[in-house]
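The structure appears right after this line, and notes come after that.
The values are calculated or read from the model by the stated rules, or taken from the named source; none is laboratory data. Just so you know, these numbers come straight off a predicted model, no measurement behind them. Cβ atoms come from the backbone with ideal geometry, glycine included; neighbour counts cover every protein chain shown. Protein only, heavy atoms only, side chains kept; ligands, DNA and RNA dropped before computing areas. Shrake-Rupley method; radii C 1.70, N 1.55, O 1.52, S 1.80 Å.
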Amino acid sequence: MDRTELDLWTPREVAKLLALVENEKRYYQGVLAEMPAPLAVADGDLTLASVNRAFRAMFPRKGSSDSSAGQKMVPEALASHVKGFFETSDALSEVTVRLCAAEENTLSDWKLLLVRLPEGQSSHREVLLLLKRAGVESNPLGRLLDENGMAAWSMDAASYETRFWNDGGSVREKADWGARIHPGDASRVQWVYEAVLESGTPAVVEYRAAAADGSVRWLADSIRPDKKAGQIDVVTTTETMRRARMKQLIQTREMQASMRLAGQVAHEFNNLWMIVNGYAEVLEERLGNDAEARSGLDEIVKAAQRGIDSTRPLLEFGRPAAVQSKPCDLHTLVQDANLDVDMRLAAGGAPIQANAQKVVNALGMLTAFAQARLKQGERLLVETARETIISDIGGDLPKGQFISIAIHPVRGVTQTMFEQWCELFFAEFDKSVSFGFASMYCQMMAMGVMVELDQIGPETGAFFLRFPLTGSPEPVRVPAETVRPEPVAPPVAPPVPPKREKVLVVDDEESIRRLVARILSREGYEVVQVQNGAEALQAVAAVPPFDLMITDIHMPDIEGPALAAKFRETQKDVKVLYVSGFAEDPRMLSPGHLPPGDGFLQKPFTVTSLLAAVKTLISVEKS
């Protein structure tokens, strides 16, 4: 910066800036000093400008028992290689040398990596020397993170011996990744590990760490204690809770947009199938004995029914029923689900707030998928645990205590599946699953449950469901079977009703309105049809009292229940038959929402069910 820019800074601000730079400089100097690999910087005249502790220990100064004393010249075993490297223009070179380290009595092969450093203002030539035992890696954590995005390892609580399970079970004498933790996070990470060992409670902690190339990246450790074995099991990933939560939020928003689109498209197709099916029923009565025409009409009806069956799940996804959560015990739900799995449930209760039936359905869907991918002879394990998610990065990221369910192993999971497993119509899942896990995922999210497919090994994952921990609940058991009452009378064709009962048909879809009016008029009813609430109220004022009003629930100007309330201000005893294309409309099926004596008919309905419902309501009105 120039002088004028510097003048804008106060002495206090300059001091803070210099302190920050100095702290960062000391941090990276400390990282290099503590690295287990021998490191040194040499000048063009083979003088050592800087060395770390590991280099001093490997090449102690001759004539001195103090291994911390500084070296003056490049060791003889390396001098010829360094000198030859300076005579070339190469930026990087690697050679194999045979060395006898100070603490060893035998020669062994080492890799010498020479890296040319950029020249400074003094134009001195410098080279970085890095030694690594050939075929041996001091700690594979960084490599495993780069290759797989995760590392599974265990550390002995007493000796700190570390075993990396996704590196062929390789053993390292000491965990040295801790030396790379950013000083601003070191004390917090240490506290979390100590808390896990002391309490025996799993935890997740995020922190900044220096990578091998000197860059800083975020890591997340999922820690589970094993007191019997005297160790802790850790999965370190680069997919931190911050990134996972952001991806989850994006997925949720995309899912919500898909739901809105699916609901609208399904509603339109639902109306179309009803028109096709309804007029097919009307034509069927007029075909007589024309076998060829009747055969063609049967195919039309079959195709329409197939369309109805395909549209219904799309409609349920686009407009799901309201999820009502109640206090329950997760362990009770898992045991009542009758899953053919091995179980390992945490001690004590597992109080949560959720919809019991939805949770059991989700467990059944996830376990069925995982079981289909098991290797021969394998068994699926379902285990629960109490988890503490610790995060100091703010925002709306989850933190606190959770009850988690882990379902594993899930075999043959590709990277694409890890990223897209809960998306609508995901292609890598079996087509028989239809919407895949999208509907279940949305239902769990609506209850505040985090559902994730996490990687625990190469092409191996685990489903995790994390429920926020609540107070002790009253145990709730899921009924063996939930029977949904029929919304209308059985579809038995009634006798011809008395003539001239007046029916008001209100629907903004003209084709459906005309179809209903045609069916009722043919049966002898006097029908008035209108397209919205305003015209309906005008008809009530102009025409003598109606015996029945058939109204769609969802209309542009006024919805069906509000229209019925206004209608009853003029004619209190009128009966109302509500129709809706949305599956399980909560306003009509929830207790107390449907007035006594009124009816509800799910679109698409048949001619027989329409006539049965109309006759039933008018008969109630007359009685």
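Just a few scattered comments:
- Close pairs from the stretch 501-522: first touching a residue at least 40 places away in the same chain (Cβ under 8 Å) and over 14 Å from E268 (Cα atoms), partner aromatic (F, W, Y) and open to solvent by less than 50 Å² (accessible area, probe 1.4 Å), Cβ under 8 Å, at least 6 apart: E501/Y525; K502/Y525; K502/F546; V503/Y525; V503/F546; L504/F546
- Here F59 fits the description: of a type in the set (F, W, Y) and modelled with pLDDT under 85.
- Top-ranked residue of the stretch 281-314 - restricted to ones that are aliphatic (A, V, I, L, M) and touching an Asp or Glu at 6+ places or on another chain (Cβ under 9 Å), ranked as most open to solvent (accessible area, probe 1.4 Å): V301
- I618 among the aliphatic types (A, V, I, L, M), assigned to a loop (DSSP other than H, G, I, E, B) and modelled with pLDDT of 80 or more: no
- Among the residues making up the stretch 360-381, a single one is over 20 Å from G461 (Cα atoms) and either open to solvent by 30 Å² or more (accessible area, probe 1.4 Å) or without any contact (Cβ under 8 Å) to a residue 40 or more places away in the chain (or both): N361.
- Positions within the stretch 127-144 being modelled with pLDDT under 65 and open to solvent by less than 60 Å² (accessible area, probe 1.4 Å), in sequence order: E137, N139
- Selection status of T388, modelled with pLDDT of 80 or more and among the polar types (S, T, N, Q): no
- Which listed residue is touching a helix residue (DSSP H, G or I) at 6+ places or on another chain (Cβ under 7 Å) and farther than 20 Å from L515 by Cβ, from A350, A293, A280, A346: A350
- All conditions in (1) surrounded by fewer than 17 Cβ atoms within 10 Å (Cβ to Cβ); (2) modelled with pLDDT of 85 or more; (3) within 25 Å of Q415 (Cβ to Cβ) hold for R188, with the sole exception of (3).
- Unmet criterion (only one of (1) open to solvent by 30 Å² or more (accessible area, probe 1.4 Å); (2) modelled with pLDDT under 85) for A37: (1)
- Any hit, the stretch 422-445, residues being modelled with pLDDT of 75 or more, surrounded by 19 or more Cβ atoms within 10 Å (Cβ to Cβ) and over 21 Å from S258 (Cβ atoms): no
- Residues that are in contact with a Phe, Trp or Tyr (Cβ under 7 Å, 6 or more places away or on another chain) and modelled with pLDDT of 70 or more, drawn from the stretch 155-172: T162, R163, F164, W165
- Residue count, the stretch 189-206 (criterion: touching a helix residue (DSSP H, G or I) at 6+ places or on another chain (Cβ under 9 Å) and charged (D, E, K, R)): 1
- Any hit, the stretch 480-496, residues being open to solvent by less than 60 Å² (accessible area, probe 1.4 Å), at pLDDT below 70 and over 30 Å from Q531 (Cα atoms): no
- One residue from D454, D507 being at pLDDT 75 or above and closer than 30 Å to A370 by Cα: D454
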